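J.: Supplied in structure tokens, the structure appears directly below.
Read-outs: derived from the displayed coordinates by stated rules, not from any lab. Keep in mind it's a predicted model, so treat the numbers as computed, not measured. Here the Cβ is made from the backbone with ideal geometry for all residues, glycine too, and neighbour counts use every protein chain on show.
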Amino acid sequence: MDVLSLPTSLTITAFCVILAAAFVFKLVLNKGKYHPVAGTIIDHLLNFNSLHDYMKEMASKCNTYRMLNLFQSDVYTSDPANIEYILKTNFPNYGKGWHHYSRLNDLLGDGIFTVDGEKWKSQRKISSYEFSTKNLRDFSSAVFRISADLFTKSTLETVFKILLGVDLDTTTEDGILFSNSFDEASAVTLYRYVDVFWKVKRFLKIGSEANMNKCIKVVDEFVYKIIRNKIEQMSKSRDDSRVMKKSDILSRFLEMNKTDPKYLKDIILSFIIAGKDTTASTLSWFFYMMCKHPLLQEKIADEVRKATGINQNSSIDDLANSITDDALDKMQYLHASLTETLRLYPAIPVDGKVCFIR
């Protein structure tokens, strides 16, 4: 009988028995070399809808622990010394590896969040330079001033404008289809980390993987169309000295003769996933904290008024137009509050790495 046809409880029981046997076998061979076991991948699956809360609870009991999977055990750590060693001291020895690449590749291709080595270094070098230029800062600030409305809707449209230089209207049929497809594909990609049968489902095109190909096709075609249009616009304007230099990321890459559509698509999707939900999530938690602490809210409002020179009778447009780099530099209390929000509610609470040389 196929394992997929077994009753759910029986399948889970059989899987747990296999995990236990694998754990005992490893323990006998490597006695005393492992961190304590906090649970199995089944625990992550059962707590998937509140996974971060579950991980926080586990970390409060032991700052470094293991979760058993069928063919491996994953180490989770919140120990600052371990994190510094992995992300800084011995950074070259930790990367995405095949474990993460196989799960992320369908949606993000060979973007910066899926690759290691020279591919990662090349994208990191180009991206870090482009995102640090004053031209992009001025452009992105202007875009945010125009788009500051609903958090998730605003951040998707804003990130789209900064990256691709085009307006994404999420109220149109195409915009809604792209946004929904991207969210669905992102959710399925995350679910793969707790679904031990995801490869089987992808092969059979059933369950959570059934709609994945359709979603990815919609996302890819949407972005490819924009890239083709942008390349055409750039080629037409090369000899026109009256055309202003473009400030969006895609145009900057094209100016450097990076014209491979797949390369550009993979980078763009990685940046979208990096900037969309992270920004919206941080803003949501920030305003949640301001509602809980009205005195801090008033201090921040007073600092913004002083830094921008506005008053209580000023309009929202006056406020938006007064947000400049100089004004932002004066908002130290606001900066500290956002930083504390990120500490309490990190936009990326889990960062998976594979150890290359043990």
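J.: Given N residues in region 171-282, what is its alpha carbon radius of gyration divided by 2.2 N^0.38 Å?
T.: The value comes to 1.30.
J.: Two decimals, Cα atoms only, Kirkwood Rh: what is Rg/Rh over region 201-347? Write out the running numbers ahead of the final one.
T.: Working: Rg = 21.7 Å, Rh = 19.6 Å.
Result for region 201-347 is an Rg/Rh of 1.11.
J.: Can I ask one more? Quick one: 3J(HN,Hα) in Hz for region 48-57, Karplus 6.51/-1.76/1.60 with θ = phi - 60°, rounded, Gly and Pro as x.
T.: Result, ordered by residue: 4, 6, 9, 4, 5, 5, 5, 5, 4, 5 Hz.
J.: How high is the relative contact order of region 222-358? Use alpha-carbon pairs under 8 Å, at least six apart in sequence, and give a whole percent.
T.: Reported as a whole number, the value is 23 percent.
J.: Hey, which of these cross-link pairs are over 30 Å Cα-Cα: LYS161/LYS258; LYS61/LYS121; LYS61/LYS292; LYS88/LYS299; LYS119/LYS161? Mind dumping the intermediate values first?
T.: Numbers: LYS161/LYS258 19 Å; LYS61/LYS121 37 Å; LYS61/LYS292 27 Å; LYS88/LYS299 36 Å; LYS119/LYS161 25 Å.
Cα-Cα > 30 Å for LYS61/LYS121; LYS88/LYS299; rest within.
J.: So which aspartates and glutamates can LYS217 reach, going by Cα to Cα under 19 Å and dropping same-chain residues fewer than 8 places off?
T.: Cα-Cα hits under 19 Å: ASP106, ASP110, GLU173, ASP174, ASP183, GLU184, GLU209, ASP260, ASP266.
J.: Continuing with the same structure: Please report how far the C-alpha centroid of region 68-114 lies from that of region 249-283, rounded to the nearest whole angstrom.
T.: 21
J.: Continuing with this model, one more query. Excluding LEU46 itself, what net charge comes from residues whose Cβ is under 14 Å from its Cβ, given Lys and Arg +1 and Asp and Glu -1?
T.: Counting the neighbours of LEU46, the net charge comes to -4.
J.: Applying a 10 Å radius around every beta-carbon, put 183-194, 303-314 in order of their mean neighbour count, most first.
T.: Most protected by this proxy first, the peptides run 183-194, 303-314.
J.: Whole-Hz ³J(HN,Hα) for each residue in region 265-270, computed from phi via Karplus 6.51 cos²θ - 1.76 cosθ + 1.60 with θ = phi - 60°, x for glycine and proline: what do you get?
T.: Here the 3J(HN,Hα) series is 4, 5, 5, 4, 5, 5 Hz.
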